[in-house]
């Protein structure tokens, strides 16, 4: 039996991981601690084999924030994460898992241009959100030693049942638009159950290092919308006729161009970065993951 403390109550990833362990890995016992106030500092970490830190702030409209909001991101995403790791190490926890992000490598490439991240690509955050994750990422890794394994996870976009962010927007599009542009872009994505399987095996191994889990296949935004449409029985027709409009929108300065490039730009990890000899976690392909996400009978 391994004991895991999830630091960050009611987080999407933390809650999903907790439910997944109960269903598939009963020998992994999970507890959760709220990080909203300072009461977590009184929690005894020494009884746990692993601390899984998921507390953080994401999904910022990074173009319209004041200095106070930026400071809050650093306070939570950087300072709180580092303080939690220090406490875990001091109290004898053997493994600390930190959820970093693909965002530390900057934005996706604009429409029509490739962006492939390799193991040699240097992080280069494009905004304060990415930098707040990057500062924690590198400083927590520096704490690792023979008695304290630090595992840093840098996932791409995570989606699944109950997810926030981009997936609900794509679902809304699939429900409302019968026609969608057929754009040949590539994105690394990670289905939540694939991530949870990865995390369970990582905890069992007790390993440290930097990890880049992703689905076994790259995702086209167009195909994802089409798959969602099929899963909810609202077929979406893909057409190249609208592609010139997408090309024009992508070049418009400001929010319009940013959102277009975010939706139809390219950003992937090299696939070999996400294959691990001792961790087989890519259980569900895109179609299967969408069906499971949209299955209302599996609430």
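Each value in this text was obtained by applying a stated rule to the coordinates, not by laboratory testing. Given the structure is predicted, the values throughout are model-derived calculations rather than measurements. Here Cβ is always computed from backbone atoms with ideal geometry, including for glycine, and neighbour counts include all displayed protein chains.
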Looking at the chain, what % of its DSSP beta bridges pair antiparallel, to the nearest 5?
10
DSSP bridge pairs, the range 154-299: antiparallel proportion in percent, nearest 5
20
With only helices counted (DSSP H, runs n ≥ 4, each -39500 (n - 2.57)), the per-residue ellipticity at 222 nm for the chain, to the nearest 500, works out to -10500 deg cm²/dmol
Below 8 Å, C-alpha to C-alpha, sequence gap of six or more: please give me the relative contact order for the range 143-193 in percent.
55
Gain upon complete extension [residue 79, residue 120; 0.36 nm per residue less C-alpha separation]
12.1 nm
Based on the mean of other Cβ atoms within 10 Å per residue, sort peptides 243-250, 202-209, 49-56 so the most packed one is first.
49-56, 202-209, 243-250
Angle check, please: helix 12-24 long axis (alpha carbons) against the longest principal axis of the chain (alpha carbons), in degrees 0 to 90, nearest 10.
70
Computed FRET efficiency, Cβ-Cβ of residue 36 and residue 295, R0 35 Å: what is it to the nearest 0.05?
0.65
Would you work out the relative contact order for the range 185-299, in percent, from Cα pairs under 8 angstrom that are 6 or more residues apart?
42
Between the range 1-72 and the range 199-258, how far is it from one alpha carbon centroid to the other, in angstrom?
25
If one compares the long axis through the Cα atoms of helix 81-90 with the longest principal axis of the Cα atoms of the chain, the angle in degrees, nearest 10, works out at 30
If R₀ is 45 angstrom, what is the calculated FRET efficiency for the pair residue 175 and residue 9, using the beta carbon separation as r and rounding to 0.05?
0.90
So for the range 46-115, using the alpha carbon gyration tensor with a ≥ b ≥ c as root eigenvalues (a/c under 1.5 gives rounded; past that, a/b versus b/c decides prolate or oblate), I'd call it oblate
In degrees rounded to 10, the 0-90 angle between helix 192-205 Cα long axis and the longest Cα principal axis of the chain is 30
So, by mean Cβ neighbours within 10 angstrom, what's the order for 65-71, 15-21, 163-169 with the highest one leading?
15-21, 163-169, 65-71
